[in-house]
Amino acid sequence: MSNVLALKPVAELPVAEKPASMEAPTAPVAAPLPAAGPGPNVAIDWLADVAKAVIPPLLGLALLVGVWALVSMKTSGIPSPALTWIEAVKLFSDPFYSNGPNDQGIGWNVLSSLKRVAIGFGFAAAVGIPMGFLLGRFSTMSRMFDPIISLLRPVSPLAWLPIGLLVFKKADPAATWTIFICSIWPMILNTAEGVRRVPQDYLNVARVLGLPESTVIGKILFPAVLPYMLTGIRLSIGTAWLVIVAAEMLTGGVGIGFWVWDEWNNLKVEHIVIAIFVIGIVGLMLEQCLLLLAKRFTYETR
């Protein structure tokens with residue numbers, strides 16, 4: 001018999017089992033933490049921001065109403081806030097009634113004034129913005145028109161109303177002409193200043209590349225001048241809304257200015273106070289719309 005021992009395959013060798021006491025203890029698996037929701041600090045911060053935005057304006061309005069109430073108690077001709085509120089509810093219950101050309105609701109009067117402002121303002125933008133580009137782009141034209149603008153800009157807008165009546169022979173286009181002449185100056189000056197502030201390097205590159213003037217205005221000047229131009233538009237619309245009230249008092253017809261003067265002739269002072277608030281709210285809405293437009297097209301805020 002051979003003395004060579006037959007070796008068993010390794011796979012067939014028995015594996016010694018570890019005693020239970022020798023096994024490594026397994027660490028307990030930690031349960032997943034719940035997702036953190038908005039804590040109380042977030043809600044408190046939000047409420048604080050809302051309070052900062054809402055409470056100061058409410059306090060200011062309350063102060064205004066309080067002073068108004070005190071004045072109405074001391075002066076017999078000034079209506080109280082309560083009486084004015086009652087009359088406002090009556091007026092705005094049917095703001096678009098029409099009982100003839102001289103007896104229409106406050107809604108029609110506001111829309112008529114906005115229509116005149118839109119027409120005069122549109123003509124002013126169509127003339128003033130291109131003229132501002134030309135004055136800012138070409139120094140010769142700037143030196144030519146600067147004395148004229150400096151002479152005519154300080155003139156009160158209502159001083160132009162008789163000229164409009166003389167030329168157009170009607171009150172409505174004369175009021176529109178007054179809006180045009182008072183709205184055009186901020187557009188011209190702000191647009192021209194924006195063109196002058198464009199870096200000269202941009203214009204030098206355009207000159208080297210041989211770009212036509214239309215491309216320079218559309219691709220280089222217009223995007224850079226847009227914030228200045230929108231500022232001029234915002235100033236112009238505020239001035240136009242101020243002037244139209246005074247112009248309609250003098251020219252008559254349907255409009256918020258004529259409505260105020262007519263209510264004064266009827267000794268309805270509470271209606272005049274309501275009209276003051278309406279004029280202020282409409283002017284505020286126009287300005288806020290233009291501010292949103294300016295933020296939308298201002299490249300620095302994107």
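Coordinate-derived values only; no laboratory data. What you are looking at is a predicted structure, and each value in this text was computed from that prediction instead of being measured. Here Cβ is always computed from backbone atoms with ideal geometry, including for glycine, and neighbour counts include all displayed protein chains.
Please give, to one decimal in nm, the separation of the simple spin-label points placed at Leu70 and Leu242, each 7 Å out from Cα toward the Cβ.
If labels sit at Leu70 and Leu242, their model points lie 2.8 nm apart.
Give, in nm to one decimal, the length gained when the segment between Leu59 and Ser156 is fully stretched (0.36 nm per residue of separation minus the Cα-Cα distance).
31.3 nm
If the only charges are +1 at each Lys and Arg Cβ and -1 at each Asp and Glu Cβ, what is the size of the charge dipole of segment 97-301 around the Cα centre, to the nearest 20 debye?
Around 620 debye, computed over segment 97-301.
Using the basic label-point model (7 angstrom from Cα toward the beta carbon), what is the Ile149 to Trp46 distance in nanometres?
4.9
For segment 150-302, build the charge dipole from Cβ charges (+1 Lys, Arg; -1 Asp, Glu) around the Cα centre, then report which of Leu166, Gly232, Gly218 sits farthest towards its positive end.
The residue sitting most towards the positive pole is Gly218.
For segment 97-301, rounded, prolate or oblate, judged on the Cα gyration tensor with a ≥ b ≥ c (square roots of eigenvalues), a/c < 1.5 rounded, else prolate if a/b > b/c?
prolate
Is the shape of segment 34-124 rounded, prolate or oblate, going by the alpha carbon gyration tensor and its root eigenvalues a ≥ b ≥ c, with a/c under 1.5 for rounded and a/b larger than b/c for prolate?
Oblate, because a/c is 1.5 or more while a/b does not exceed b/c.
Roughly how far apart, in whole Å, are the Cα centres of segment 227-300 and segment 44-65?
So the separation of the two Cα centres works out to 26 Å.
What is the distance in Å between the Cα centroid of segment 148-181 and that of segment 84-112?
Centre-to-centre (Cα) distance: 29 Å.
If you wrap a convex hull around the C-alpha atoms of segment 96-215 and split its volume per residue, what is the figure in Å³?
143
By per-residue mean of other Cβ atoms within 10 Å, what is the highest-first order of 207-215, 159-167?
So the peptides 207-215, 159-167, ranked by packing, come out 159-167, 207-215.
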